[in-house]
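The values are calculated or read from the model by the stated rules, or taken from the named source; none is laboratory data. Everything numeric here is computed off the predicted structure, so don't read it as measured data. FYI the Cβ positions are ideal-geometry reconstructions off the backbone, even for glycines, and counts take in every protein chain you see.
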Amino acid sequence: MRPEPPRRIADYSPLAFPAVMLTVFFVVPFGIMVMVSFFRRQQGGFYTPDFVLESYARFLSTFFGGVLSFSLGLAACVALICVIVGFPFTYELARAKRWVQVSWLVALLSVLSLSEVIIGFAWSTLLSRTAGISNLLVWLGMMDKPVALTPNFGAVLTGMVYQAFPYTVLVLYPAMARLDPTLMEAARTLGSHPLKAFLTVVVPALRNTIVATFIMVFVFALGSYLLPQLLGRPQHWTLSVLITDQAVYQSNMPFAAAMAVFLVLVTLSLVGLALLVGRKDAAT
Amino acid sequence: MSGLVLEGISKRFNNVAAVDHVDLSVPNGTFVCMLGPSGCGKTTLLRTIAGLEEPTSGRILIDGKDITKLPAHQRDFGMVFQSLALFPHLNVGENVAYPLRIRGVGKADQVKRAEELLALVDLGGFAGRPVSKLSGGQRQRVAIARALALSPKLFLLDEPLSALDAKLREAMQVELRKLQQRLGITTIVVTHDQREAMTMADLVVVMGNGRIQQAASPVEIYRKPVNSFVADFIGSTNLLPVRQAMDGQGVSAPGGTIPGVALGAGRDQATLSVRPEDVHLVPADQAPLTGRISFIRDLGASIETFVDAGGTQIVAVTSPRERAAFQVGDTVGLRLDPEACRVLSS
């Protein structure tokens, strides 16, 4: 049964509480941040109300451009790896026995429950020279002496993929579970090797799901703050790190606010894109 | 021999036999219907033939060649699935051309062959349409055209018409049969609808409990069922417990005797199967078997009369023309045609 559309103001009352919460804790702070981004920075001190584009103009610097493109590139790498690894993994998972599915999903959910700090320190220990997995390889005779695998780009990538992978699987899982298993069988009876059938049927049939998942993981990875600092060198620091640095250590609130506004806009437009792709998926 | 041969095929899932020692040989060009209640193993057997399930034991031969271990994609069989399994990301033409694309057929030849196949199933000019815009019957045809694209040696269909409404289903049955006769292709259809099997098949394979109960022509299956499972599953039938009559003439049943029927040597009791249309109602003094009419169902085209003969219900189907002046509660005589009575092994 279709619920009746609301007619009077009172019919909207269930929305009042979330609306107030959203206004007080999101719209107002975000508005303040947008305002501050246009304020004038006082040299060596605070900032004064004004309307200048000084902070946004700094986006044109090569330093900012470098950090921005690194952040986008890192997020894209993380999303790409997660989707490439997660897609076949989820496909097999959705077809596995019930108890196998449940144990994997519980394991993945438990990774989600770990905080970024714990993941960061766990990986920095695992990749360290003194206590890391390279010692295991030495013990197995595959390496001469232990090496430090952190801090470097690979370590940042590893930690972030580890963190984003459960999200990837959870987003892909419903679409995979809904996929008609006879599609693959049909492709096989029509002369397709199972691997070819996977690439010519399952992947294109779920194209929109893949795109939507990629964008979601990309957005998730774009906001990473702690892992690049724990596992990387300063050149591996992302836009979020730069924003904190400007706001807290350099006392340049207007510039930090401008970068934050920019990051939010990029993220929102990507989410919008994901929704658009998702709606096209539902239409067909 | 040429054609498909199954030798002792068994398929077990967790030690439960879905298919149990099935032997069957199908000459080339035969239209086979595998018929049975749900869970009888008919779909599993079809999937085994297609190579989607590996048999636990037994051999599958085609034209004398053992293909038991051959993977599905090397068997050159066309299969239509119950869900149809049309690829949602491809349009009608691309769906039909998919097996050609996989084989590396050139683009122009793909388009040409897809058009031919679509014309074969009366869907000429539909190549550019998305699959989601088709009706159920049209999707059905697309699935058939796609399965025929590689001119398969064997054409397998798993409950292909079950999603269609009754009228369309009957039309498609006739069409499928005509198509098969035109192409002369060996076809195996799995169905639980006996009318479908009777309409289309050269050979009806009745399955129950993972075994073949009887494999014969539709008329033989209907007229000469080998056991009560087949008799009961194919059409409706009256099953009467009978024993050898004292005087040796015919058999005695609840409610009287049936002359002219012999149980065969060495048996003194059995189950007798007689079709409702072979039971004739006569005045009570004109037949040695009598009963009381408990219910009359007038269906317009035919009349079903339920008779209680000594505790066993016997149904007689008559045409309205010969509707006698019998009422509910009357005692009537039942004349059974001895030729139409079938003694079943129990």
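Scan A:Ala107, A:Ala75 and give me the residue that is buried (at least 18 other Cβ atoms within 10 Å of the Cβ) and either more than 19 Å from A:Arg178 (Cβ to Cβ) or among the aliphatic types (A, V, I, L, M) (or both).
Details: A:Ala107 fails: buried (at least 18 other Cβ atoms within 10 Å of the Cβ).
Every option except A:Ala75 fails the conditions.
Go over the candidates A:Val203, A:Val211, A:Val169 one by one and state the one that is in contact (Cβ under 8 Å) with a residue 24 or more places away in the chain, touching a Phe, Trp or Tyr at 6+ places or on another chain (Cβ under 8 Å) and within 14 Å of chain B (Cβ to nearest Cβ).
Numbers: A:Val211 fails: touching a Phe, Trp or Tyr at 6+ places or on another chain (Cβ under 8 Å); A:Val169 fails: within 14 Å of chain B (Cβ to nearest Cβ).
Going through A:Val203, A:Val211, A:Val169 in turn, just one is in contact (Cβ under 8 Å) with a residue 24 or more places away in the chain, touching a Phe, Trp or Tyr at 6+ places or on another chain (Cβ under 8 Å) and within 14 Å of chain B (Cβ to nearest Cβ): A:Val203.
Per-residue answers, yes or no, for (1) touching a helix residue (DSSP H, G or I) at 6+ places or on another chain (Cβ under 9 Å); (2) within 27 Å of B:Glu220 (Cα to Cα); (3) loosely packed, with under 14 Cβ neighbours inside 10 Å; (4) in the same structural domain as B:Gly264 (by TED's automatic domain parsing):
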residue	(1), (2), (3), (4)
B:Asp278	yes, yes, no, yes
B:Leu281	yes, yes, no, yes
B:Ala287	no, no, no, yes
B:Thr290	yes, no, no, yes
B:Arg297	no, no, yes, yes
B:Ala301	yes, yes, yes, yes
B:Thr312	no, yes, no, yes
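Being within 30 Å of B:Leu45 (Cα to Cα) and either in a loop (DSSP other than H, G, I, E, B) or in the same structural domain as B:Leu176 (by TED's automatic domain parsing) (or both): is that true of B:Leu123 here? Walk me through how you get there before you give the answer.
On the way: within 30 Å of B:Leu45 (Cα to Cα): no; either in a loop (DSSP other than H, G, I, E, B) or in the same structural domain as B:Leu176 (by TED's automatic domain parsing) (or both): yes.
In short, no.
If A:Ser113 satisfies every condition in (1) surrounded by 15 or more Cβ atoms within 10 Å (Cβ to Cβ); (2) away from every other protein chain (no Cβ under 14 Å); (3) without any contact (Cβ under 8 Å) to a residue 40 or more places away in the chain but one, which is the exception?
The number of the failed condition is (1).
Having 1 or more residues that are under 23 Å from B:Gln173 (Cβ atoms) and in contact with a Leu (Cβ under 7 Å, 6 or more places away or on another chain) is the bar; report the strands (runs of 3 or more DSSP E) wholly within region B:188-258 that clear it.
Where strands (runs of 3 or more DSSP E) fall fully within region B:188-258 and carry at least 1 residues being under 23 Å from B:Gln173 (Cβ atoms) and in contact with a Leu (Cβ under 7 Å, 6 or more places away or on another chain), they are B:203-208, B:211-216.
Mind checking whether some residue in region A:37-44 is without any contact (Cβ under 8 Å) to a residue 12 or more places away in the chain and in contact with a strand residue (DSSP E or B) (Cβ under 8 Å, 6 or more places away or on another chain)?
The answer is yes, given that some residue of region A:37-44 is without any contact (Cβ under 8 Å) to a residue 12 or more places away in the chain and in contact with a strand residue (DSSP E or B) (Cβ under 8 Å, 6 or more places away or on another chain).
I'd like to check something: does region B:54-73 contain any residue that is surrounded by 21 or more Cβ atoms within 10 Å (Cβ to Cβ) and modelled with pLDDT under 90?
The answer is no, given that none of the residues of region B:54-73 is surrounded by 21 or more Cβ atoms within 10 Å (Cβ to Cβ) and modelled with pLDDT under 90.
Just to check your reading of the model, which residue among B:Arg146, B:Arg139 is within 14 Å of chain A (Cβ to nearest Cβ), assigned to a helix (DSSP H, G or I), at pLDDT 90 or above and farther than 28 Å from B:Pro27 by Cα?
Working: B:Arg146 fails: farther than 28 Å from B:Pro27 by Cα.
Just a single option satisfies the conditions, and that option is B:Arg139.
From the list B:Arg169, B:Arg177, pick out the single residue that is modelled with pLDDT of 90 or more, under 23 Å from B:Ala119 (Cα atoms) and buried (at least 17 other Cβ atoms within 10 Å of the Cβ). Please lay out each step first, then the result.
On the way: B:Arg169 fails: modelled with pLDDT of 90 or more.
Testing whether each residue is modelled with pLDDT of 90 or more, under 23 Å from B:Ala119 (Cα atoms) and buried (at least 17 other Cβ atoms within 10 Å of the Cβ) leaves just B:Arg177.
For A:Val169, are the conditions met, namely being closer than 30 Å to A:Ser128 by Cβ and part of a helix (DSSP H, G or I)? Step through it out loud before you land on a result.
Values: closer than 30 Å to A:Ser128 by Cβ: yes; part of a helix (DSSP H, G or I): yes.
Against the criterion (closer than 30 Å to A:Ser128 by Cβ and part of a helix (DSSP H, G or I)), A:Val169 qualifies.
Please state which one of B:Arg103, B:Arg129 is within 22 Å of A:Leu195 (Cα to Cα), surrounded by fewer than 21 Cβ atoms within 10 Å (Cβ to Cβ) and among the charged types (D, E, K, R). Break it down stepwise before answering.
Working: B:Arg129 fails: within 22 Å of A:Leu195 (Cα to Cα).
B:Arg103 is the lone residue from the list that is within 22 Å of A:Leu195 (Cα to Cα), surrounded by fewer than 21 Cβ atoms within 10 Å (Cβ to Cβ) and among the charged types (D, E, K, R).
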